[in-house]
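Student: Next up is a structure, given as structure tokens.
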């Protein structure tokens, strides 16, 4: 009897805690949505119009029909998708080698690759900006994509290696005995079997590329080449209180693709993430 | 070229080695080695070289000198920048770790009791985590809007409380920035803590129960000690992430008011790309590297030596 009331009390406390946390995480997003749906007049009414009396989609229309925003979105899509493909091409062979071959100092190589990720992108951008300027790669998507790839490679290598570890080695051995060489084992057997791992690595890299700010902010100055992260930052700098609802709509449009991509593959992404952190 | 021709060409590189030979991993690693070498290793080496010059971004070859080092490390504002960085990092890391752990514990308990809402809570937190830093800054700037219609102040007014100067009061602004960073970062800690909790051997709890342990004793003598390695690894990851945070601050406060939220990464950015002082920025980059490395080593020394959990 006493045990049951204690459990009940625990349940109530759990619910209270979860409710507080839910409000904390959801409030900024609800507020953003609320602002994006308001007319200019209702913006000034604050929380009393959390659900707008005269909701409007005009702000979204204004953003999507403007001359810059669609360009920003396409640029961001191009940069993040191409860099994700590049990442996979570069990381997949290494992941295969780490998963299948035994060689000296393998652990050191793997940790070394991971250790690079601890370096702030800002630190490497200081000299990279100079190189890119000398090579004439400022204001080129190619230069930015190369840096995106470098930033993504360590994680993708680890993710793919982890996935390939789950594919039985006996498959490789059988194919080798049948006369396949290592390259065709990799291309014809391991890569097709790794499709879920490759897909989640691709999505994670696309989301990371979509969120990228520092690299394009430094390397791309021409407005027609800028991706959404930089575009919205510059747009925000020119706005005032009377256009806050349009900024909210633009912000929402920039955030939603990342959220949808994440939710679609949530399970895969989470298991990949935690595998790395929990194994240590 | 046919596939056969490609493979025969590659065979001398070791990529097509037969199973009876020990294959060399290096051709497979080559692309990664090249990319990491060109975009990480070489630039990092160059950062160290630049630090001993007087290079600027305005051009010119510059000369080797030690004075940049001395000059940067004795700048009067550096101490304040480091203090701001420390408060921001410590606040964010402790906040994310504590809230993330609490959420993971409650979610695990609630799942066991079949309570409603755990998935909604987890998904909402994770959505905040996916929001790009720049957008996160813009969203929180709307919430912290100090006008009577701001997202938090109008809420406070509704509850009959006085408005807060979230971004313009130098004593408050740091906590506003930490709050926004905790909002965005906590989901990661929650997910890591959740996975670690699930990995604890249930027989430990059974043994504790046989010994008559209370819920609190189970938490302090079973759960937390078992989580120690995961907590330390998580702290390393989020500390480094927080130290490198840049976009969420530049779009929320831009480092202001004054220098109240100008963390080391933002300061380095300003020195290099606003003042064009490449050499001084390189010295600051080295300071950043040393801090991350030092912290990682300190945390790692707390990890249990024999068990690689």
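Student: Check off (1) over 25 Å from residue A:204 (Cβ atoms); (2) at pLDDT below 85; (3) facing chain B (nearest Cβ under 9 Å) for residue A:243 and give me the number that stays unchecked.
Tutor: (3)
Student: What number of residues within region A:147-159 are more than 13 Å from the chain's Cα centre (by Cα) and under 12 Å from residue A:125 (Cα atoms)?
Tutor: Of the residues in that region, 2 qualify.
Student: Return the residues of region B:86-115 that are facing another protein chain (nearest Cβ under 8 Å) and surrounded by fewer than 24 Cβ atoms within 10 Å (Cβ to Cβ); say none if nothing qualifies.
Tutor: Answer for region B:86-115, where residues must be facing another protein chain (nearest Cβ under 8 Å) and surrounded by fewer than 24 Cβ atoms within 10 Å (Cβ to Cβ): B:99, B:102, B:106, B:109, B:110, B:113, B:115.
Student: Quick one: is residue B:170 in contact (Cβ under 8 Å) with a residue 60 or more places away in the chain, more than 7 Å from chain A (Cβ to nearest Cβ), under 25 Å from residue B:258 (Cβ atoms) and outside any helix (DSSP H, G or I)? Spell out the reasoning first.
Tutor: Details: in contact (Cβ under 8 Å) with a residue 60 or more places away in the chain: yes; more than 7 Å from chain A (Cβ to nearest Cβ): yes; under 25 Å from residue B:258 (Cβ atoms): yes; outside any helix (DSSP H, G or I): yes.
The answer is yes for residue B:170.
Student: Let me confirm something: among B:187, B:196, which residue is facing chain A (nearest Cβ under 7 Å) and assigned to a helix (DSSP H, G or I)? Steps first, answer last, please.
Tutor: Values: B:187 fails: facing chain A (nearest Cβ under 7 Å).
Residue meeting the stated conditions: B:196.
Student: Also, quick follow-up: Return yes when residue A:97 is more than 7 Å from chain B (Cβ to nearest Cβ) and in a helix (DSSP H, G or I) and no when it is not. Before the answer, list the steps.
Tutor: Values: more than 7 Å from chain B (Cβ to nearest Cβ): no; in a helix (DSSP H, G or I): yes.
No: the conditions fail for residue A:97.
Student: Hey, among the residues in region B:25-59 that are facing chain A (nearest Cβ under 8 Å) and in a loop (DSSP other than H, G, I, E, B), which one's farthest from residue A:88 (Cα to Cα)?
Tutor: Only one residue fits best here, namely B:57.
Student: It is to be established whether one or more residues within region A:33-40 are in contact with a helix residue (DSSP H, G or I) (Cβ under 9 Å, 6 or more places away or on another chain), within 7 Å of another protein chain (Cβ to nearest Cβ) and farther than 21 Å from residue B:187 by Cα.
Tutor: Of the residues in region A:33-40, the ones in contact with a helix residue (DSSP H, G or I) (Cβ under 9 Å, 6 or more places away or on another chain) are A:33-40.
After this cut, where a residue has to be within 7 Å of another protein chain (Cβ to nearest Cβ) as well, the list is A:35.
Cutting the leftovers down to farther than 21 Å from residue B:187 by Cα gives us A:35.
The answer is yes; a qualifying residue exists.
Student: Could you say whether any residue in region B:203-212 is in contact (Cβ under 8 Å) with a residue 24 or more places away in the chain, touching a helix residue (DSSP H, G or I) at 6+ places or on another chain (Cβ under 8 Å), over 27 Å from residue B:169 (Cα atoms) and assigned to a helix (DSSP H, G or I)?
Tutor: We begin by selecting, within region B:203-212, every residue in contact (Cβ under 8 Å) with a residue 24 or more places away in the chain; these are none.
No: zero hits.
Student: Please go through region A:19-76 and pick out each residue that is more than 20 Å from residue B:153 (Cα to Cα), touching a residue at least 12 places away in the same chain (Cβ under 8 Å) and assigned to a helix (DSSP H, G or I).
Tutor: A:58, A:59, A:60, A:62, A:63, A:64, A:69, A:71, A:72, A:73, A:75, A:76
The values are calculated or read from the model by the stated rules, or taken from the named source; none is laboratory data. Just so it is clear, the structure is predicted and the values come from calculations on it, not from any experiment. For neighbour counting, all protein chains shown are included, and Cβ atoms are generated from backbone atoms with ideal geometry for every residue, glycine included.
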